[in-house]
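The values are calculated or read from the model by the stated rules, or taken from the named source; none is laboratory data. Note that the structure is predicted; figures quoted are calculated from it, not measured. Here the Cβ positions follow ideal geometry from the backbone for every residue, glycine too, while neighbour counts run over all protein chains shown.
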Amino acid sequence: MTAILRQKPVFRFAPSPNGPLHLGHALSAFLNHDMAGSTGGRFLLRIEDIDLTRCTPEFETGIYADLEWLGIDWEQPARRQSDHFGEYQAALDRLIDRGLAYPAFMTRGETKTRVAAAAANGERWPRDPDGSPLYPPDDRGRADFERHELLASGLKHAWRLDMGKALAVVGEPLFWQETGDGDRGLVAANPGAWGDVVLSRSDAPSSYHLSVVLDDALQGVTHIVRGLDLFHSTSVHRLLQTLLDLPAPVYHHHRLITDKDGRKLSKSQGDTGLAELRQRGLSPADIRRLVGL
């Protein structure tokens, strides 16, 4: 595993401006900021806005307002992913040139139909750690001339990592150093469980997996502190870091804030945002108490 040697630890908080921040975000922001302060490290803010259809300037402004209210300051300027699509494309091109990524033309609807047909025949379709069905192998097995014809036709497509080829190139087990609330110590990565993950889509020039490992490397992040819901995704990140010759940070996956039914808080579910709690008269100290700090 490649080690990062830095004079100071570097932490980052990286929200997406696709909804208001909630208590789960507050916990992650507090932990990153507190850990940076206690170690004499640096604290960075990154705006992860690769989803151009859902991310808005209004939500981005709300992130800044919420963090300032919580008493969290960061190094200026914040990195905005939408300003760096060229860097992500260059990394994707490296993987394509090495034969490790392929164009995937099946739509979500076509994939669902294939999975449903398999289930109707009594077949168990493989699923990733989040429970989503793995992408069918059709596009991975296409002949080069057929791929070129489809690309030349302008058919919409994503780019996916050929997981089998990628693992063969690495040729050895992968691990990461974990200090968080789940497993600790050296954790074995299992990227194969995710199948051929998306690297870019027709409606997003990069995927979360690709952009996050590049950003962390380019920003010199040494410690990644994030929720346990991303624990298993670290396997994919370790694989991409290895393929792209990027350093391996230390990971700390923290507990999640859940509602009364045990469900993780979510912007898409309309869970109460920090701005609303502020309007109700709560203080930053109240927020710290609510998230268990």
### Task
Determine, yes or no, whether Val212 is in contact with a Leu (Cβ under 7 Å, 6 or more places away or on another chain) and either within 25 Å of Asp49 (Cβ to Cβ) or free of Cβ contacts under 8 Å to residues at least 40 places away in the same chain (or both).
no
### Message
Cβ-Cβ distance below 6 Å, separation of 6 or more or different chains: which pairs start in region 41-63 with a residue that is over 11 Å from Asn18 (Cβ atoms) and end on one that is basic (Lys, Arg)?
### Response
Gly41/Lys8; Arg42/Lys8; Leu44/Arg12; Arg46/Arg12; Arg46/Arg79
### Query
Any idea which of (1) of a type in the set (Gly, Ala, Ser); (2) out of contact with any Pro (no Cβ under 6 Å at 6 or more places or on another chain); (3) surrounded by 16 or more Cβ atoms within 10 Å (Cβ to Cβ) is the one Gly131 doesn't satisfy?
(3)
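Restricting attention to region 178-209, which residues are hydrophobic (A, V, I, L, M, F, W, C) and free of Cβ contacts under 8 Å to residues at least 24 places away in the same chain? Please lay out each step first, then the result.
Restricting attention to region 178-209, the residues satisfying the condition of being hydrophobic (A, V, I, L, M, F, W, C) are 186-189, 193-194, 197-199, 204.
Within region 178-209, Leu186, Ala188 qualify.
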### Message
Taking the criterion of being among the β-branched types (Val, Ile, Thr) and surrounded by fewer than 22 Cβ atoms within 10 Å (Cβ to Cβ), would at least one residue in region 198-210 satisfy it?
### Response
yes
### Task
Please state which of the following conditions Thr234 fails to meet, knowing it meets all the rest: (1) surrounded by fewer than 20 Cβ atoms within 10 Å (Cβ to Cβ); (2) of a type in the set (Ser, Thr, Tyr); (3) in contact (Cβ under 8 Å) with a residue 12 or more places away in the chain.
(1)
## Note on the structure
Out of (1) buried (at least 20 other Cβ atoms within 10 Å of the Cβ); (2) touching a strand residue (DSSP E or B) at 6+ places or on another chain (Cβ under 6 Å); (3) not in a helix (DSSP H, G or I), the one Ser16 does not meet is (2)
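When you look at Leu167, is it assigned to a helix (DSSP H, G or I), more than 17 Å from Pro129 (Cβ to Cβ) and touching a residue at least 60 places away in the same chain (Cβ under 8 Å), yes or no? Give the steps one after another, and end with the answer.
On the way: assigned to a helix (DSSP H, G or I): yes; more than 17 Å from Pro129 (Cβ to Cβ): no; touching a residue at least 60 places away in the same chain (Cβ under 8 Å): yes.
No, not satisfied.
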### Task
Considering only region 29-122, give the helices (runs of 4 or more DSSP H) lying wholly within it that have at least 1 residues that are crowded, with 16+ Cβ neighbours inside 10 Å and modelled with pLDDT of 95 or more.
57-70, 85-97
### Task
Kindly list the number of the only condition in (1) more than 19 Å from Ile72 (Cβ to Cβ); (2) within 22 Å of the chain's Cα centre (by Cα) that fails for Gly281.
(2)
### Residue list for region 136-152, restricted to those being farther than 22 Å from Val197 by Cβ, aliphatic (A, V, I, L, M) and in a helix (DSSP H, G or I)
Ala152
